[in-house]
Amino acid sequence: MIILLIMTFLSFCYAITYKSKRSLHMLQQNLYNENNRYIKWIIKNIKQFISLDLLLLGISLIGVYIIFDLQLISNLCLIIIVLFLILIGYSWNKKIKNDQNKKKLVITARIKRLIFTTTVLYMIPVIFAFKDIYNTRYMWTIVFCESLMLYLNSLVIFIALIINMPIEKGVYLHYKRKAQKKLQSMPDLKIIGITGSYGKTSCKNILSDILNIKYNALASPKNLNTYNGLIMTVNNYMDKFTDIFIAEMGAYVKGEIAGLCRLVKPKYGIITRIGTAHLESFGSEENIIQGKFELVESLPSDGFAILNGDDPKQVNYQLKNKVRTIWIGIENKEVDVRALNIKCSNKGTNFDVIFKGDDKKYHFETKLLGDHNVYNILSALACSKEFGVDISDLIIAVKNVRPIEHRLELKRLGNFYQIDDAYNSNPIGASNACKILGMMPGYKVVVTPGMIELGSKEDEYNKKFGEQIAKVADIVILIGKKKTQPIKEGLLTSGFNKEQIVVFNDVREAYPYINNIAISMKEEVYALFENDLPDTYNEN
C-alpha cells in the first residue's frame with residue numbers, strides 16, 4: 001500500500017510541476033477564457049492537449065491491478081511502468097516547452113492564485129488516500145482518480161478558474177474603482193481612444209512619440225488594450241504629471257469597445273482601418289464595423305474623431321453621434337489631412353502632407369515602412385495639430401518616431417536583412433508587407449505561417465496571400481504544413497516554382513536556412529517574416 005501512496009504523491013507532483021504549466025500557459029494566452037477562447041482551444045487542439053503518457057498511465061494502473069492482482073511482482077512491474085511513463089511525460093512536456101513556447105507563461109498574481117487552487121484540487125486524492133491506506137481497492141480507486149485528473153488536466157485548470165471567479169471579480173472591481181477614482185481626480189487629462197481592426201498599436205506608439213515633443217503623453221504599454229490592461233495602465237503607469245492618456249482599445253465581440261469607453265471616458269477617438277480581423281469571434285463584418293464605431297458613438301459633442309477617408313467601411317458608416325470628424329487619407333482628395341508623393345526604400349518612407357485650408361505642402365521623413373504607417377502618421381498629425389503642436393515640431397517628431405517592434409521593423413540579422421512583421425498579420429497588412437518587400441533590392445524571401453481568426457474566409461484570404469507573395473518572392477518558407485496549405489495553393493496557382501517552396505514546423509529553423517542562402521548570394525537578401533502565430537496555433 002505504501003507503493004500506491006507513493007504513486008499518488010508522484011502523480012500529484014507531476015501534475016503540479018509539469019502538466020499544469022502547459023494548461024495555465026494556454027489559459028493565459030487565451031485571455032483566461034474570455035469569450036470561451038480557452039474552451040475553443042481545447043476543442044480545436046484535442047490531439048495536442050491529450051498527452052499519451054497520461055492515457056497509458058491510467059490504463060496501466062488498471063491493467064496491472066487486474067492482471068497481477070497486486071502480487072509482489074506486480075508492484076515491481078508497476079514501479080517500472082510508472083517511472084517509464086513519467087519519463088515519457090517529462091519528455092513530452094519538455095518538447096512542448098522547447099518547440100512551442102514563443103511567449104512564456106507570466107507568473108502574475110492571478111496565475112499564482114490559480115496555481116494555489118489547482119494544487120488544492122490535486123491534493124484532494126492525496127488527502128483521501130490517508131483515510132484507509134490498507135484497503136487495496138480503495139487505494140487503487142484513489143490512484144485512478146489522480147491519474148484521471150492528470151489526464152484531464154486542462155479541465156482541472158478550468159475548474160480552478162471557475163472556483164476563483166468570485167475572487168477575481170472582487171480583485172477586478174477593487175482595481176477598477178481605484179482607476180476610475182484616479183481618472184476623476186485628473187479633470188484636465190486629455191484622453192484619446194484608438195481602435196480599429198489593424199494598426200492600433202502602431203498608431204498609438206506613433207501618436208505618443210509625436211505628442212511627447214510638447215506634452216507628457218502616456219500610451220497604454222504594449223498590447224494592454226483590454227479592461228484589465230487599461231485598469232493596470234491607469235493604476236501603475238499614470239501619475240499627476242500625465243497630460244494625455246492614449247488608450248488602445250481591442251475587442252473580440254460587439255460591446256467591448258463601448259465598455260472600455262465607459263471605463264476611461266475618452267473625449268477624442270481614432271479609428272485606424274476596419275477589416276476582417278477577429279471575424280470568427282465578431283460573427284460578421286457588420287458587427288466588426290459597429291463594434292469599432294462604438295468608440296466614436298461614445299465621444300462627447302465637444303470632442304473629435306479622426307477617421308480614414310480611404311476606408312469605405314468608415315466613409316459609408318452612418319454616424320449617429322454629431323461629434324466633429326477629421327478625415328485623413330492618401331487616395332481621397334477631399335480629406336482634411338492628406339499624404340501624397342509617397343516614396344519607400346530600405347531607408348524608410350518620405351512623403352508630403354497637405355492640411356485642409358493651408359496651401360503649403362509639408363515634407364515629412366520617417367524610418368517606418370509602408371503606406372499603412374503613413375496613415376498612422378496622418379492620424380497622429382491631425383490629432384497633434386488639434387492639440388496645438390507646431391508643424392515645424394511635427395516634422396522633427398515624425399523623423400524621430402521609433403520603429404515599432406515586430407511591425408515591419410527592418411533590421412540586420414547575420415548575413416541578411418529581416419523585415420519583421422511578426423505581430424498578428426491580416427489581409428491588408430499582409431498585402432502592404434508584400435508591396436514593401438517588392439520595393440527592396442536583391443533576393444527576396446517570405447517566411448509565414450499564414451493568417452488566423454478570419455472565420456470562414458480564412459482559407460480564401462490565405463490563398464490570395466499566396467498569390468500576392470508569388471509576385472514578389474524568390475523563395476517562400478511556410479511554417480506548418482497543414483495550416484499553410486491554402487498559401488501553397490495560391491503560390492502554385494500563380495505559377496510559382498514548387499522547388500522554391502520550403503516547409504518547416506518551427507520558425508526558428510528558417511533563420512539558419514536564410515543565413516546560408518545569404519552567404520552564397522552576391523546580392524543582399526531581404527526576408528519578410530509575416531505573422532508569428534501564438535503558441536495556441538502551433539502544429540506538432
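Readers should treat all values here as calculations from the given coordinates under stated rules, not as data from a laboratory. Computed from a predicted model, the values in this text were never measured in an experiment. Note: ideal-geometry Cβ built from the backbone for every residue, glycine included; neighbour counts use all protein chains shown.
Residues whose amide H lies under 5 Å from that of R324, counting only those 5 or more places away or on a different chain, are G303, A305; hydrogens are built 1.01 Å from N in the peptide plane. Each pair of Cα atoms in the range 335-457 enters the Kirkwood radius, and Stokes-Einstein at 4 °C and 1.567 mPa s then converts it into a translational diffusion coefficient of 81 µm²/s. The value for the range 175-399 of Rg(Cα) / (2.2 N^0.38 Å) is 0.97. Here the residues E489, E146, E530, ranked from fewest to most Cβ neighbours within 10 Å of their Cβ, fall in the order E489, E530, E146.
Summary of the geometry: the range 23-38 and the range 156-231, compared by the centres of their Cα atoms, lie 19 Å apart. Among E297, E286, the ranking by other beta carbons within 10 Å of each residue's beta carbon, starting with the fewest, stands as E286, E297. In terms of its C-alpha gyration tensor, the range 409-537 has a prolate overall shape, because the principal axis ratio a/c (a ≥ b ≥ c, square roots of the eigenvalues) is not below 1.5 and a/b outweighs b/c.
Most tightly packed first, judged by the mean number of other beta-carbon atoms within 10 Å of their residues, the peptides 215-226, 371-382, 118-129 read 371-382, 215-226, 118-129. With Cα atoms defining each centre, the range 236-299 and the range 464-497 are spaced 34 Å apart in the structure.
By the count of other C-beta atoms within 10 Å, a proxy for reagent exposure, K463, K44 are ordered fewest to most as K44, K463.
Using a cut-off of 31 Å between Cα atoms, the listed pairs K292/K347; K190/K367; K265/K411; K265/K360; K176/K222; K200/K343 include K292/K347; K265/K411; K265/K360 as exceeding that distance.
How much length is gained on full extension from R177 to K347, taking 0.36 nm per residue of separation minus their Cα-Cα distance? Display every interim value, and only then the final one.
On the way: separation 170, 0.36 × 170 = 61.20 nm, distance 4.67 nm.
Length gained between R177 and K347: 56.5 nm.
Each peptide in 165-178, 245-258 receives the mean, over its residues, of other Cβ atoms within 10 Å, and ordering these scores from highest gives 245-258, 165-178.
Where the eigenvalues come from the Cα gyration tensor of the range 318-363, what are the semi-axes √(5λ) of the equivalent ellipsoid, largest first, in whole Å?
Working: eigenvalues 135, 37, 13 Å².
Gyration-tensor ellipsoid for the range 318-363: 26, 14, 8 Å.
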